[in-house]
1. What about TYR111, is it among the aromatic types (Phe, Trp, Tyr), exposed (fewer than 13 other Cβ atoms within 10 Å of the Cβ) and at pLDDT below 90?
2. Against the condition more than 20 Å from LYS119 (Cα to Cα) and either at pLDDT below 80 or aliphatic (A, V, I, L, M) (or both), how does VAL33 come out, does it pass?
3. If you go through the range 176-211 one residue at a time, how many are more than 18 Å from LYS14 (Cα to Cα) and in contact (Cβ under 8 Å) with a residue 24 or more places away in the chain?
4. Go through (1) open to solvent by less than 50 Å² (accessible area, probe 1.4 Å); (2) at pLDDT 95 or above for ARG99 and report which single condition fails.
5. As an exercise: evaluate LEU22 against (1) surrounded by fewer than 18 Cβ atoms within 10 Å (Cβ to Cβ); (2) modelled with pLDDT under 90 and give the number of the one condition it does not meet.
6. Looking only at the range 118-128, decide whether some residue is touching a Phe, Trp or Tyr at 6+ places or on another chain (Cβ under 6 Å) and closer than 30 Å to TYR208 by Cα.
7. Would you point out which residue out of GLU116, GLU129 is more than 23 Å from the chain's Cα centre (by Cα), in contact (Cβ under 8 Å) with a residue 24 or more places away in the chain and closer than 25 Å to VAL30 by Cβ?
8. How about the range 64-77: which of its residues are modelled with pLDDT of 90 or more, over 9 Å from LEU124 (Cα atoms) and not hydroxyl-bearing (Ser, Thr, Tyr)?
Amino acid sequence: AGICEDGDGEKMMKFEELCHSLISENGSSVMLVGEGGMGKTTALLRMAYLQDIRYSAVSPAVIYISLYGWNNSGGDYIVNKILESLRFKPETSSIETARYELIRLLSAPIYSRFGERPKVLLLLDGWNEASGDPAPLAEEIVRLAGMPGVRLVAASRSPAAGVGLIEVKLRMLEEAETADILSKKGILLPENQELRQLLRTPMMLSIYIKTVSEGRKQIFMEEQEQNSQDRMLSLYLGALLEKEKQ
């Protein structure tokens with residue numbers, strides 16, 4: 001099923017289509033937007049798993065970086081994070097030399113029979129979790145996204161000003177999709193309408209499935225019961241506790 005839509009909500013695409021377009025010759029860097037619990041981190045990790053698992057000279061390297069640790073950290077934060085995971089030749093004499101060589105490497109794409117492809121696919125998680133003034137971070141993202149050897153996906157809870165990336169929005173599940181997922185687990189769709197709406201969020205659906213599985217019983221809630229999210233989290237923690245007691 002299509003799980004993404006463009007920023008205007010007009011074009012739906014399958015997740016696999018998005019992953020393919022990211023590294024294609026005519027692909028573009030994107031901002032992946034979704035509210036809390038919509039599965040942004042899971043989507044980024046899935047993008048990594050869908051790439052080649054073995055090194056290939058015609059496929060991009062995949063690098064995941066959390067922006068949670070950014071706190072007015074300067075204009076080379078992402079580049080420095082990449083450098084942290086690398087090993088260098090003996091002739092690389094300093095960090096400045098390494099930084100220069102990395103930028104030079106990313107300034108050209110891979111030339112292959114598939115056309116031009118990026119050398120690196122950058123997965124940047126948690127734009128909204130970066131602390132302090134995000135302007136230098138936005139400038140670095142814009143700079144990297146403009147390099148022929150880079151394609152990036154930045155995940156955020158809301159559109160990010162000053163970044164200028166194409167926005168791709170994770171959509172909520174349809175109720176029919178929720179019911180289908182639950183039925184495959186032998187779980188009934190709850191009668192409570194507020195809870196049904198809550199389960200359209202992937203994270204809450206996952207918690208609901210784990211709650212029923214760990215508690216080994218279906219969940220029933222009265223229609224007038226307030227705050228279904230807090231109630232379900234309470235049931236989830238209770239189910240985990242009961243499992244530990246067994």
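The values are calculated or read from the model by the stated rules, or taken from the named source; none is laboratory data. For clarity, every value in this text was computed on a predicted model and none was experimentally measured. For neighbour counting, all protein chains shown are included, and Cβ atoms are generated from backbone atoms with ideal geometry for every residue, glycine included. Accessible surface areas use protein heavy atoms only, side chains included; no ligands, DNA or RNA. Shrake-Rupley method; radii C 1.70, N 1.55, O 1.52, S 1.80 Å.
1. No, not satisfied.
2. Numbers: more than 20 Å from LYS119 (Cα to Cα): yes; either at pLDDT below 80 or aliphatic (A, V, I, L, M) (or both): yes.
For VAL33, the condition - more than 20 Å from LYS119 (Cα to Cα) and either at pLDDT below 80 or aliphatic (A, V, I, L, M) (or both) - is met.
3. Within the range 176-211, residues that are more than 18 Å from LYS14 (Cα to Cα) and in contact (Cβ under 8 Å) with a residue 24 or more places away in the chain number 20.
4. Evaluating ARG99 over (1) open to solvent by less than 50 Å² (accessible area, probe 1.4 Å); (2) at pLDDT 95 or above leaves (2) as the failure.
5. That leaves (1) as the condition not met.
6. Initial filter on the range 118-128 (touching a Phe, Trp or Tyr at 6+ places or on another chain (Cβ under 6 Å)): 123, 126.
Checking the rest, the ones that are also closer than 30 Å to TYR208 by Cα come to 123, 126.
Taking every residue of the range 118-128 in turn, at least one turns out to be touching a Phe, Trp or Tyr at 6+ places or on another chain (Cβ under 6 Å) and closer than 30 Å to TYR208 by Cα.
7. Numbers: GLU129 fails: more than 23 Å from the chain's Cα centre (by Cα).
Only one candidate qualifies: GLU116.
8. ASP76
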